[in-house]
Structures are given as structure tokens and as C-alpha cells.
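To start, the structure under review is shown below, and the notes come after it.
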Amino acid sequence: MESLDRVVKPKTKRAKRFLEKREPKLTENTKNAMLIKGGNATATITDVLKDIYALKKPFAVLYKKKNIARPFEDQTSLEFFSKKSDCSLFLFGSHNKKRPNNLIIGRMYDYHVLDMVELGIEKFVALRDIKNSKCPEGTKPMLIFAGDAFDISEEHRRLKSLLIDFFRGPVVPSVRLAGLEHVLHFTAIDEKVYMRSYKVLLKKSGCKIPRIELEDMGPSLDLVMRRTHLASDDLYKLSLRQPKALKPKKKKNISHDVFGTKYGRIHMQKQDLEKLQTRKMKGLKKRPAEKKTEDGKNPKKVKLE
């Protein structure tokens, strides 16, 4: 039995708190990512991992030492690092003659690899090469996806889901306008994916809503898709399953239309509309003869002379 698989009993309060953080919860913690450098890595791969680590901080772990691993052939080393660092996302960078400047982005489910997509770097512009102001650490980015391939191709659809998982950051109930400062734009054309990073500038517009401008911040990557390792449909559905306690309880007699308008159905007893009080008008006022007829009494007969 591996040392990470056995049941560990905490001996100190600090160890107890550490284990409690890793226990399964109804609302899970923010997903952490580990960035790993392969056995043979170029300066481009090193700079890419550093720049993505700068965007992901503080929800990322950067391994500076080289690790000889081949995720598509053997995934045990990635699963070991995932358990050790409690990370469910990973980015692995390597370089060889057959696949130069290679990136593998993926995610875990129950400390086992769920999805992996291999991407090749064709062009890279680092953060330090663009002399503009940067966003502060921990800024939650806005994600934009352009291109029909993200909706048509199953591989691109999984890649889109992977990128959302990787860059989404913490779940927050609300965001103020000044906090929307970072935009990550992904464009899919054929087998290529273009990643661009912008800073949002709020300018004066003469009205309440500010004028928005985008300033290139870096890093920017031109990527090409290579190999993929996608989970089966059954395993993918299992990973998306939510506990019953988190599912909203269905409310009776309430429905929504296509536009999100809320409708409520009210059950009432049968009403007698004859006794319904309407607006009093002289034209609708009943004559004394009509009132007596309704009460069951015959009106007086008028003698004709």
C-alpha cells in the first residue's frame, strides 16, 4: 500500500486542520493547478509556465525542478503529484524533436486523469515583453470564446470546458464594476487556438456607463491541437454529478417561460360572480321593480283606465 493511500490519524491540531481541508465537502474549494516542467524543457516552455502561474496565483503550484514523465504513456507520476499537492488541474510542459514546445493541459477526478489535451506552441509573447500595466494578483478573469469549432467539435468542446475550469478562479456571489479588469480571449480557427490576454480600461464617456477599452497585457499564445485523451461519456457524467443536498428543491405551482419570466399558479375556491361587488354607477343601478322580482315578490299591477 502506498504511503498516500493509507489512513492517517492526525497527532496534532495543525495536522487535523490540514486533513479536514482535504475532506470531501458539499461545496468544494477552489480548484488548484500544478504546473510541471518535463525532463527536457526549453526556455519558451519555462517562460510559458511562469506566465500562466502569474495569472493563476494564488491557486497554483509551480514545480521548478524537471520531472521525467510522459502523461499519455504513464499517468502515475501526475496522480502522485495531484495527491501530494491537492491539485485537480495540471499543465505539463515538455520539448522533443517529434513534438517541440509541447503543453499538456488536463484535469483530475478522484486523483485520476479525466481529460487531457496536447497543444503545441507556435508563437509566444511573454508578459515581460509587453510594456503595459498588469492586473493585480488573484484577479478573476472574464473568459470569451470565439469560433464555431468550440460548439461543433467534441474535442474543442472538451478543451473549452478544460480552459474554463483552469482559468475561472474562485466562485463569488457578486463582482463590482472596477473588479472586471482582466479578459482572456480564446479563438478557435481550424485546428489552431489563439489565446490573448487583455486589461480592461474604464474611460470617461460623459454618462453613467464608462467607455471600455482593451489593452494588450500578455501573455499571448498561438497553439495547435495535437493528441487528446478524453474521458468516456459515462465517466464524464459521473464527474459532473452533484450531491442531493446541493440540488434546489422544486417549488410547486411555479414555472418559468423561455425568457426566464416567473409564473405562479394560485388555487382558489369557486366564486359566485353574481355577488361580486362591482363599481357603482347610476346607469347600472337596479329599479325597485327589478329588486322585488329578484326577491320573489310580484310587482304591483298598474290599473289602466
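Basic side chains Lys and Arg get +1 at the Cβ, acidic Asp and Glu get -1 at the Cβ, and with that the dipole of region 1-106 about its Cα centre reaches some 500 debye. Accessible surface computed residue by residue for the chain, with neighbouring protein chains in place and a 1.4 Å probe, gives 74 Å² per residue.
Just name one of Phe145, Gly179, Met116: the one whose Cα is farthest towards the positive end of the charge dipole of region 113-199 (beta-carbon charges, Lys/Arg +1, Asp/Glu -1). Working it through, the farthest residue towards the positive pole turns out to be Gly179.
Is region 149-216 best put as rounded, prolate or oblate by its Cα gyration tensor, with a ≥ b ≥ c the root eigenvalues, rounded for a/c under 1.5, and otherwise prolate when a/b is larger than b/c, oblate when not?
Prolate shape, in that a/c is at least 1.5 and a/b is the bigger ratio.
Here the dipole of the chain is about 2700 debye; that uses its Cα centre as origin and unit charges on the Cβ of Lys and Arg (positive) and Asp and Glu (negative). Within region 14-76, how many Lys pairs that are eight or more residues apart, or on different chains, come under 15 Å at the alpha-carbon? Close lysine pairs found across region 14-76: 10.
Annotation: peptides 208-221, 230-243, ranked by per-residue average of other Cβ atoms within 10 Å with the highest first, follow the order 208-221, 230-243. Each Lys and Arg Cβ is given +1 and each Asp and Glu Cβ -1; about its Cα centre, region 160-258 then shows a dipole of about 800 debye. Here the peptides 100-111, 36-47 are ranked by packing, the mean other Cβ count within 10 Å, and the order with the highest first is 100-111, 36-47. Taking the DSSP beta bridges with both ends in region 1-119, the antiparallel portion is around 60 percent. What shape does region 10-52 have by the C-alpha gyration tensor, where a ≥ b ≥ c are the square roots of the eigenvalues, rounded means a/c under 1.5, and otherwise prolate means a/b greater than b/c and oblate the rest? Prolate shape, in that a/c is at least 1.5 and a/b is the bigger ratio.
Taking a point 7 angstrom from the Cα of His229 along the C-beta vector, which residues in region 146-171 have backbone N less than 13 Å away? Those under the cut-off are none; the list is empty. Where both bridge residues fall in the chain, DSSP classifies roughly 75% of the beta bridges as antiparallel.
Applying 1/(1 + (r/R0)^6) with R0 = 51 Å to the Cβ-Cβ distance of Thr261 and Thr76 gives a FRET efficiency near 0.45. At an R0 of 22 angstrom, the distance between the Cβ atoms of Arg22 and Tyr63 translates into a FRET efficiency of 0.70.
Among the protein heavy atoms of the chain, carbon and sulfur supply 53% of the accessible surface, probe 1.4 Å, non-protein parts ignored.
Going through [x] 1.08; [y] 1.41; [z] 1.68, the figure that equals Cα Rg over 2.2 N^0.38 Å as computed for the structure here is [z].
The values are calculated or read from the model by the stated rules, or taken from the named source; none is laboratory data. If you're wondering where the values come from, they're calculated on a predicted model, not measured in any experiment. Neighbour counts are summed over all protein chains in view; Cβ atoms, including those assigned to glycine, are modelled from backbone coordinates with ideal geometry. Keep in mind that these areas ignore ligands, DNA and RNA; they rest on the heavy atoms of the full protein, side chains included. Shrake-Rupley method; radii C 1.70, N 1.55, O 1.52, S 1.80 Å.
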